[in-house]
1. Which one is surrounded by the most Cβ atoms within 10 Å (Cβ to Cβ), of the residues in the stretch A:74-126 that are of a type in the set (Asp, Glu) and at pLDDT below 95?
2. Restricting the search to the stretch A:41-56, which residues are aliphatic (A, V, I, L, M) and buried (at least 18 other Cβ atoms within 10 Å of the Cβ)?
3. When the stretch B:202-220 is examined, which residues are found to be in contact (Cβ under 8 Å) with a residue 60 or more places away in the chain and either closer than 19 Å to B:Phe126 by Cβ or crowded, with 20+ Cβ neighbours inside 10 Å (or both)?
4. Please state which of the following conditions A:Lys99 fails to meet, knowing it meets all the rest: (1) touching a Leu at 6+ places or on another chain (Cβ under 6 Å); (2) within 14 Å of chain B (Cβ to nearest Cβ).
5. Could we say that A:Ala11 is touching a Pro at 6+ places or on another chain (Cβ under 8 Å), among the aliphatic types (A, V, I, L, M) and either touching a residue at least 40 places away in the same chain (Cβ under 8 Å) or surrounded by fewer than 19 Cβ atoms within 10 Å (Cβ to Cβ) (or both) here?
6. Look through the stretch B:1-59, keep the residues that are within 14 Å of another protein chain (Cβ to nearest Cβ) and of a type in the set (Phe, Trp, Tyr), and return whichever of them is farthest from the chain's Cα centre (by Cα).
7. Examine the stretch B:87-102 for a residue that is within 19 Å of B:Asp32 (Cβ to Cβ), within 22 Å of the chain's Cα centre (by Cα) and without any contact (Cβ under 8 Å) to a residue 40 or more places away in the chain, and state whether such a residue exists.
8. Among the listed residues B:Gly163, B:Gly181, identify the single one that is closer than 25 Å to A:Val20 by Cβ, within 12 Å of another protein chain (Cβ to nearest Cβ), modelled with pLDDT of 95 or more and over 15 Å from the mean Cα position of the chain (by Cα).
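The values are calculated or read from the model by the stated rules, or taken from the named source; none is laboratory data. Keep in mind that what you see is a predicted model, and the values were worked out from it rather than measured. So basically every Cβ, Gly included, is an ideal-geometry build from the backbone, and we count neighbours across all protein chains shown.
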Protein chains: 2
Amino acid sequence: MSESKIPKIDACFSPALYPVYRDEENIVVIIDVLRATSAICTAFHHGAEKIIPVASVEEARRLKESGMLAGAERDAIKVEGFDFGNSPFDYMGPDIVGKTIALTTTNGTQAIEASKYAYKVVVGAFTNISALCDWLVKQDRNVLLLCSGWKNRFNLEDSLFAGAVTHELLKRRPELQLGDGCLALKYLFQMAEKSPARFLAKASHKQRLWKLGLKDDIRYCLQMDMTDVIPVLEDGALVKMKT
Amino acid sequence: MSESKIPKIDACFSPALYPVYRDEENIVVIIDVLRATSAICTAFHHGAEKIIPVASVEEARRLKESGMLAGAERDAIKVEGFDFGNSPFDYMGPDIVGKTIALTTTNGTQAIEASKYAYKVVVGAFTNISALCDWLVKQDRNVLLLCSGWKNRFNLEDSLFAGAVTHELLKRRPELQLGDGCLALKYLFQMAEKSPARFLAKASHKQRLWKLGLKDDIRYCLQMDMTDVIPVLEDGALVKMKT
């Protein structure tokens, strides 16, 4: 991108729509706040070395059988036979320090797979939002906020987070250009700012997790700035960005 | 749908995402307020008999060559050699009374094509919003608000209108279930309610039309309740619903 051009921020609401937004010059931010991208940030914060995102449970199982630690979640539940599910609390123990972990989730790892050829693919969650936004504005480059959604449908929590990122980026650089998606999300975030948890009360996936007794997970995932880690995709694996 | 079940309203932000939301029991509302669906409502209000939506300019040209009136728009501009473009003002003259018109547009007719096998496909715009919402609540059936967007991307004006429909439906039946898309749009509409035109000032397509000198079109398309007409798809053609 030429230096004189003001970067544009846009949002894509489903991995299935990514081909419409694809631009290999973009930085893509992968968003799946309940819970994959929150769990990924947590794992690096607690010392994981590398996370290999894979699209299928079979692939994750093969990697597990080869001796790797592996996490797998489908429909909000840990798949049997795996070391971890999708809960951030699974990724806090001493067993992950210095380790490589294979991970497959219902939505988040699909979004990573879809966008893997972008200029840079990074992972965002409320837990690393300030570190992420500080880094993003420094890049002076177009950004696509890729919401993982739920089985390719729009979801409220990822959109709300994308709105929070838009809000934070505008605080840092008010002249940024916004695509229509981010314009809408900026307003959405303004409605929710005072109490994101209450705002999300009716969101379909939050209700799904709530029914599964995962209140603590939700509470954890909505906390801002628990870590400075920015996970970045390098040669097909997520690693901690050196900033 | 069983009678005891409360209908659900959801929104789909791109014709390309329709397969993810497809349910042939749904009523689908086609939304392309700037300007296709506004123009379609206008044409019926002014006496058109039938509108045949076609996906390609070539198909519209073949119908024109067979003697039919035909409208074609691409990238907000009337395609050369056609009777009409996409402006509501093209569809107000005595030349359309009792006539069948072939129509192809950049976004709106693609959305109709995508959803044509739904239980019912109807056309919505600010110009017929009250008539549309009165009819929708009477059906007691799940509704999908299908935003045409811009070349399969999310756009602000169609989403805003879908938010307005959500708001109107909730006024008529507060217990309706909302999908995450409609939950977000309900809040978006609350932000915009006092001045939709000002709210849309930064929307990409409004700016596109504004640059083309189409301010009057925008003003017209944002007026509420100019007509009671509800266009409905029957055997591949839009006709005026008999209510």
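1. Of the stretch A:74-126, the ones of a type in the set (Asp, Glu) are A:75, A:80, A:83, A:90, A:95, A:113.
Next, only the ones that are at pLDDT below 95 stay: A:75, A:113.
On the way: A:Asp75: 10, A:Glu113: 16.
Among them, the one singled out is A:Glu113.
2. Keep residues of the stretch A:41-56 that are aliphatic (A, V, I, L, M), which gives A:43, A:48, A:51-52, A:54-55.
Matches in the stretch A:41-56: A:Ala43, A:Ala48, A:Ile51, A:Ile52, A:Val54.
3. Of all residues in the stretch B:202-220, those in contact (Cβ under 8 Å) with a residue 60 or more places away in the chain come to B:205-206, B:208-209, B:212, B:214, B:216-218, B:220.
The answer is B:His205, B:Lys206, B:Arg208, B:Leu209, B:Leu214, B:Asp216, B:Asp217, B:Ile218, B:Tyr220.
4. (2)
5. Details: touching a Pro at 6+ places or on another chain (Cβ under 8 Å): no; among the aliphatic types (A, V, I, L, M): yes; either touching a residue at least 40 places away in the same chain (Cβ under 8 Å) or surrounded by fewer than 19 Cβ atoms within 10 Å (Cβ to Cβ) (or both): yes.
No; evaluated as a whole, the condition is false for this residue.
6. The selected residue is B:Tyr21.
7. no
8. On the way: B:Gly163 fails: over 15 Å from the mean Cα position of the chain (by Cα).
Matching residue, one of B:Gly163, B:Gly181: B:Gly181.
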